[in-house]
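Contents: one structure, followed by commentary.
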Amino acid sequence: MNDQLIIFDTTLRDGEQSPGAAMTKDEKIRIARQLERLGVDVIEAGFAAASPGDAEAIRSIAGIVKNSTVCSLARANEKDVRAAGEAIKPAVSGRIHTFIATSPIHMEKKLRMQPDQVVEAAVKAVKLALEYTDNVEFSAEDAVRSEMDFLCRVFEAVIKAGAKTLNVPDTVGYSIPALWGERMRQLIERVPNSDQVIWSTHCHNDLGMAVANSLAAVMNGARQVECTINGLGERAGNASLEEVVMAVKTRRDVFNCDSRIDTVQIVPTSRLVSQITGYPVQPNKAIVGANAFSHESGIHQDGVLKHRETYEIMRAEDVGWSHNKLTLGKLSGRNAFRSRLVELGIVMESEEALNLAFARFKDLADKKREIFDEDLHALVAVEGNVDTCDRLKLISLKVCSETGETPHAHIVLSDGGNELSTDEFGGGPVDATFRAIEKKVESGATLLLYSVNNITTGTDAQGEVTVRLSRNGRIVNGQGADTDIVIASAKAYLNALNKLFGAEERAHPQV
Ligand code: KIV
Ligand code: ZN
């Protein structure tokens with residue numbers, strides 16, 4: 001059996017379906033570049049038919065990424081497949097991933113189609129996709145609840161039609177490892193010509209078994225795993241790329257295959273995705289959680305000091321953990337700043353954008369003695385979004401918080417170039433600030449989440465604030481970073497409002 005495990009990353013598509021994780025084109029490009037550096041084989045860059053903006057983001061990524069295949073999702077219909085085909089045209093290596101649901105419940109209640117019609121639509125979509133690329137993947141959505149005989153029939157038909165990768169999704173996160181592995185084994189055994197295609201697995205984490213199920217599929221012949229950074233994804237998320245990759249690498253004796261992933265890029269990628277989407281990583285998360293390699297108990301510490309392998313099965317540095325790396329300081333010049341951004345894979349769109357970022361860096365360096373890579377990522381992640389609608393900007397903020405007094409905020413904003421100022425009281429300085437913004441902007445949005453994380457350590461660290469807002473069914477995350485967390489909060493709130501005002505209508509592939 002082939003010993004290469006293909007890593008198919010769907011952070012930019014399935015991951016982006018998480019509430020509020022919608023990204024701008026610029027953010028998607030930054031993540032795609034980092035995924036390429038990480039060495040993923042296939043980047044699912046989006047769902048082209050969702051909106052013109054989504055199609056444009058895929059086209060841009062297809063034009064930039066050279067060492068990974070760039071893929072677009074498409075439902076099994078002509079409009080979607082053509083949109084995907086057009087979007088991946090600039091790619092050195094492009095893939096169309098078309099899908100249709102095959103379970104009785106989805107066919108009857110969602111698609112309102114007969115099984116024969118589903119087979120016909122699948123075959124037609126694959127044949128049409130082949131007009132754009134010979135790299136076509138087919139997924140049987142909700143394969144976990146599909147009847148085995150029907151699943152075999154659909155897969156046989158799409159192999160004949162020319163699909164090269166067959167993906168078996170546990171769309172609703174329902175399976176358990178023993179059953180999922182067995183399903184993969186049976187499919188490979190029963191479907192004629194199954195040895196001419198790559199079998200793939202795509203697992204959701206509703207019962208916390210996405211990674212275990214994916215690995216069970218690998219043990220039974222799957223050679224592609226669909227996964228996301230930090231396990232991001234709808235509901236409980238998808239299988240986490242870092243866990244799958246490190247399991248296969250650490251237990252090669254069990255899995256007998258290897259991926260192309262450059263594992264030292266795992267932690268930087270995790271941080272970038274977390275910063276851009278506003279989804280923090282839980283401290284006890286395997287591989288990328290802050291505590292994943294820290295040993296609290298005296299017995300463990302003693303053991304690790306005497307002989308590392310007593311308690312460690314992986315080395316922190318192999319997955320990219322380095323202690324906050326001091327990069328730049330107050331005296332660093334524009335060239336040092338530019339070179340570090342290039343080393344981090346951050347490409348500024350123009351000299352003007354670089355100059356603005358450099359000015360922000362100097363500003364930060366005045367407040368904070370040491371600037372780390374994480375600070376630079378936050379600097380460009382939060383404010384370097386060239387394509388975010390920036391109707392609202394913070395001009396100044398004064399807050400007063402005193403024991404025994406009601407906190408008060410005075411804010412000056414620019415709304416499309418018009419200066420607005422107002423005052424408001426609140427339960428705390430952040431509450432007063434948000435109330436003051438709303439008093440002027442009257443967005444009517446509901447605050448779903450407010451969270452603060454420190455980007456590096458120390459009391460002079462930048463606080464990174466995430467604000468999740470919802471309005472008319474649309475959910476967005478805004479981010480703000482500053483050494484002053486009230487200012488970071490105001491920036492995050494305005495960033496979320498800008499996203500809310502700038503968001504375009506998008507179709508969801510699975511609804
Ligand atoms: O979960 C799922 O079934 C999917 C398909 C579109 C592959 O994301
Ligand atoms: Zn999915």
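The values are calculated or read from the model by the stated rules, or taken from the named source; none is laboratory data. Small disclaimer: the values here were computed from a predicted structure and weren't measured. Every residue, glycine among them, receives a Cβ derived from its backbone with ideal geometry; neighbour counts consider all protein chains shown. Side chains are part of the model used for accessible areas, which takes the heavy atoms of the whole protein and leaves out ligands, DNA and RNA. Shrake-Rupley method; radii C 1.70, N 1.55, O 1.52, S 1.80 Å.
Over all projection directions, the Cα-based convex hull of the range 75-208 averages an area of 8.1 nm². Taking Cβ atoms as reference points and 10 Å as the exclusive limit, the residues near Asp170 contribute a net charge of 0, counting Lys and Arg as +1 and Asp and Glu as -1. Remark: the range 351-365, residue by residue, has Karplus-estimated 3J(HN,Hα) of 4, 5, 5, 5, 4, 5, 5, 5, 5, 5, 4, 4, 4, 5, 5 Hz, where x stands for each Gly or Pro and the curve is 6.51 cos²θ - 1.76 cosθ + 1.60 at θ = phi - 60°. Where does helix 177-190 land angle-wise versus the long Cα axis of the chain, in degrees 0 to 90, nearest 10? The two axes meet at around 40 degrees. Please determine, in degrees from 0 to 90 and to the nearest 10, the orientation of helix 485-502 with respect to the longest principal axis defined by the Cα atoms of the chain, where the helix direction is its Cα long axis. The helix 485-502 is inclined about 50 degrees to the chain. Segment Asn284..Arg315, full-extension length gain: 9.5 nm, with 0.36 nm per residue of separation and the alpha-carbon distance subtracted. The residue list Ser470, Ala353, Leu215 was ranked by how far each Cα lies along the charge dipole of the chain toward its positive end, using unit charges on Cβ atoms, and Ala353 comes out on top. With a/c under 1.5 counting as rounded, go ahead and sort the range 399-511 into rounded, prolate or oblate using the C-alpha gyration tensor (a ≥ b ≥ c being the square roots of the eigenvalues; past the cut-off, prolate if a/b is larger than b/c, else oblate). It is oblate, given that a/c is not under 1.5 and a/b is not larger than b/c.
The residues neighbouring Thr98, those whose beta-carbon lies less than 9 Å from its own, together hold a net charge of -1 under the Lys/Arg +1, Asp/Glu -1 convention.
Using the rule -39500 (n - 2.57) for each DSSP H run of four or more residues, divided by the residues of the chain, the 222 nm mean residue ellipticity is -12000 deg cm²/dmol.
Rg/Rh for the range 192-306 (Cα atoms only, Rh after Kirkwood) is 1.03.
Taking 7 Å steps out from each Cα toward its Cβ at Arg471 and Asp149 produces label points 5.4 nm apart. Per-residue SASA remark: Arg59, around 90 Å² accessible (1.4 Å probe; ligands, DNA and RNA not included). For Leu448, the amide hydrogen comes within under 5 Å of the amide hydrogens of Arg468, Leu469, Ser470, counting only partners 5 or more places away or on other chains and with H modelled in the peptide plane.
Our coupling estimate for the range 31-48, obtained by passing each phi through the Karplus curve with A = 6.51, B = -1.76, C = 1.60 and θ = phi - 60°, is 5, 4, 4, 5, 5, 5, 4, 5, x, 5, 6, 10, 10, 7, 8, x, 10, 4 Hz, Gly and Pro reported as x. Element breakdown for the range 339-449 at a 1.4 angstrom probe: carbon and sulfur atoms account for 48% of the accessible area. The alpha carbons of the chain give a radius of gyration and a Dmax of 24.0, 77 Å, in that order. Other residues within the sphere of radius under 14 Å centred on the Cβ of Lys285, judged by their own Cβ, net out at -1 (K and R +1, D and E -1). For the chain, the longest principal axis of the C-alpha atoms and the axis of helix 241-250 are separated by about 60°.
The mean accessible area for residues of the range 456-501, using a 1.4 Å probe and ignoring ligands and nucleic acids, is 30 Å² per residue. Relative to the Cα centre, the charge distribution of the chain, modelled as +1 at Lys and Arg Cβ and -1 at Asp and Glu Cβ, gives a dipole magnitude of about 480 debye. Stretching Arg369 away from Lys393 to a fully extended chain increases their span by 6.0 nm, per 0.36 nm per residue minus the current alpha-carbon distance. The residues of the range 9-104 have, on average, 25 Å² of accessible surface per residue, using a 1.4 Å probe with all protein chains present. Each Cα pair of the range 46-97 feeds into the Kirkwood radius, which the Stokes-Einstein equation turns, at 10 °C and 1.306 mPa s, into a diffusion coefficient of 155 µm²/s.
Put the Cα centre of the range 258-287 next to the Cα centre of the range 58-76 and the gap is 21 Å. Measuring only protein heavy atoms, the 1.4 Å probe finds Met219 accessible over about 110 Å². Distance between the 7 Å Cα→Cβ label points at Asn2 and Lys440: 5.7 nm.
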